[in-house]
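Visitor: Take this structure, written in structure tokens, and hold onto it; I'll ask about it next.
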Amino acid sequence: MSSVTGKDEDDLSRLLRAAVAGDERAYADFLHRIAARVRGFARRKIVKGGIDAEDVVQETLLAIHLKRHTWRTDAPVLPWVYAIARFKLIDAFRRRGQRIELEIGDFVETLAAPQPAEAASERDVTRALDGLSPGQRSVVSAISVEGRSIGETARHLGMSETAVRVALHRGLSAIAKRFGRN
Amino acid sequence: MKTRDLIKALEADTARPRLASGIIWPLAGGAAVLVAAVVFFATIGPRSDIGDAMETVRVQFKFVYTLALAASALPIVLASARPGSSPWHLAPWLLAAPLLLAGAVATELIAVPSQEWAVRLIGKNWFYCMMLIPLIGIGPLAIILATLRHGAPTRPIFSGAVAGLLASGLAATFYAAHCTDDSPLFVAVWYTIGFAVLTGLGALGGRLFLRW
């Protein structure tokens, strides 16, 4: 593994450790950098079309988020991230009736080629939010699309902060489940 | 939703899993043993001469064998719940129990005259053995699969199958305290059938329930 990747691994591990300890800034930084890596990985693997690489990116980020307790803070973070990305990519192929074999060696070269830019096409906002209850939908879209904080969302929607947090977490879990079905 | 919008939502969601990983497996292990024990004592219970039987080498071997199976499957189940922590380097340990059994069978074939082999192999309880090992093991298997859902198994069928082996080792440890057929020849045939049922159920359960 190149020294660039080694440094990246150290940076990312440090960011996720800080995130686990409650540093939201570090968590956002971590997720953006992981998104760029997974985007490069997915775009390289999806050659036939029919699958949107950005869907795989989002599904992987959701899985990383909901399963972050399965990362041991003393273990390297990239093998953990890519194992999840590979699982989600294989799942996306499986849902479309395609089979794909991904070897661990396959993603070594993509390690050095993150793709920070999102696809130019506007992602359909309603698609991910469709399956949510109205309350969850307004909370998730206030925080994500409108970029409000928990406190602002609570005031805006006339809810308690705790209720906003619960609706946000349940909404994200529901989106993750929905991804696996369509 | 745009990916950067999604990240805003993930960043804001600070909810933790209700049970930390460090505590959930010990809890699940305790529950699995408890469920197996309840089913065992409610249905068959230990043999009446268990105290004397424990002093014979064949009975002792049954426990060594079943506990070796459970002990070799457990770390693989745990590792397979964590993405990126390859369980393959632990897989050779799964050979320990079969090798122990092969050694015991060879010893039995040498120690016992050949006209007795068939009687010892078929024993008296073969039908109960096939039925009761899966019956005792199914509850623990369900608990292990449910706990795996809390983790993130990236090879669900493999994780489920090894969970089946773990449940097999646990169930057979209880069953061995009941069964009076102590020959390794009996263990090699009828226990194995029970293990195959639980391992198959585990693989199926992995396929059906371990998607995330």
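The values are calculated or read from the model by the stated rules, or taken from the named source; none is laboratory data. As the structure is a prediction and not an experimental result, all values here were calculated from the model. Here the Cβ positions follow ideal geometry from the backbone for every residue, glycine too, while neighbour counts run over all protein chains shown. Quick note on the areas: whole protein, heavy atoms, side chains included, nothing else; ligands and nucleic acids left out. Shrake-Rupley method; radii C 1.70, N 1.55, O 1.52, S 1.80 Å.
Visitor: Using the Cα centre of the stretch B:1-73 as the reference point, and only Cβ charges (+1 on K/R, -1 on D/E), how large is the resulting charge dipole? Debye, rounded to the nearest 20.
Guide: 360
Visitor: Oh, and also: Give me the angle, in degrees from 0 to 90, between the Cα long axis of helix B:3-12 and the longest principal axis of the Cα atoms of chain B, rounded to the nearest 10.
Guide: Helix B:3-12 sits at roughly 70 degrees to that axis.
Visitor: Count the net charge of all other residues whose Cβ sits under 15 Å from the Cβ of B:Phe186, scoring Lys and Arg as +1 and Asp and Glu as -1.
Guide: Net charge in that neighbourhood comes out at +1.
Visitor: Going toward the positive end of the dipole of the stretch A:124-182, with +1 on Lys and Arg Cβ and -1 on Asp and Glu Cβ, which of A:Thr162, A:Ser173, A:Ser141 do you reach last?
Guide: Ranked along the dipole, the leading option is A:Ser173.
Visitor: Continuing with the same structure: Which whole-number percent is the relative contact order of the stretch B:1-106 (Cα, under 8 Å, 6+ apart)?
Guide: Contact order relative to length: 18 percent.
Visitor: Here is a further query. What's the average, rounded to a whole number, of partner chain beta-carbon atoms within 10 Å of each residue's beta-carbon in A:138-149?
Guide: 4
Visitor: Using alpha-carbon pairs under 8 Å, 6+ residues apart, how would you state the relative contact order of chain B in percent?
Guide: 32
Visitor: With a point put 7 Å past each Cα toward its Cβ, work out how far B:Val112 is from A:Val145 in nm, to one decimal.
Guide: The answer from the label model is 7.3 nm.
Visitor: How big is the dipole moment of chain B about its Cα centre under a simple scheme where the beta carbon of each Lys and Arg is +1, that of each Asp and Glu is -1, and everything else is neutral? Debye, nearest 20, please.
Guide: That gives chain B a dipole magnitude of about 1020 debye.
Visitor: What residue among B:Ala15, B:Ala177, B:Leu166 has its Cα farthest toward the positive end of the dipole of the protein assembly as shown, where the charges are +1 on Lys, Arg and -1 on Asp, Glu, each on the Cβ?
Guide: Of the listed residues, the answer is B:Ala15.
Visitor: Leaving ligands, DNA and RNA out of it, rank B:Trp25, B:Trp190, A:Trp71 by accessible area with a 1.4 Å probe, largest first.
Guide: B:Trp25, B:Trp190, A:Trp71
Visitor: In debye, nearest 20: dipole of the protein assembly as shown around its Cα centre with unit charges on the Cβ of K, R (+) and D, E (-)?
Guide: Taking the Cα centre of the protein assembly as shown as origin, the dipole is about 1020 debye.
Visitor: With the other protein chains left in place, how much accessible area per residue, in square angstrom, belongs to the protein assembly as shown at a 1.4 angstrom probe?
Guide: Heavy-atom SASA per residue in the protein assembly as shown reads 47 Å².
Visitor: Which listed residue (B:Ala118, B:Ser48, B:Ile138) has the Cα farthest towards the positive end of the charge dipole for chain B, taking +1 on Lys and Arg C-beta and -1 on Asp and Glu C-beta about the Cα centre?
Guide: Positive-most Cα among the choices belongs to B:Ile138.
Visitor: Just by accessible area at a 1.4 angstrom probe, what is the order of B:Glu108, A:Glu152 from largest to smallest?
Guide: The ranking, largest first, comes out as A:Glu152, B:Glu108.
Visitor: Across peptide A:30-40, how many C-beta atoms of other chains are within 10 Å of each residue C-beta, on average?
Guide: 2
Visitor: Right, another one. With a 10 Å radius around each residue's Cβ, average the other Cβ atoms per peptide and rank A:84-95, B:28-39, B:132-143, highest first.
Guide: B:132-143, A:84-95, B:28-39
Visitor: If you don't mind, another one. Excluding residues on the same chain fewer than 8 positions from B:Lys8, give the lysines whose Cα lies under 23 Å from its Cα.
Guide: Cα-Cα hits under 23 Å: A:Lys67, A:Lys88, A:Lys177.
Visitor: Where a Cα-Cα gap under 24 Å defines reach, which lysines qualify for B:Lys62, not counting those fewer than 8 residues away within the same chain?
Guide: By straight Cα distance, B:Lys62 reaches B:Lys124.
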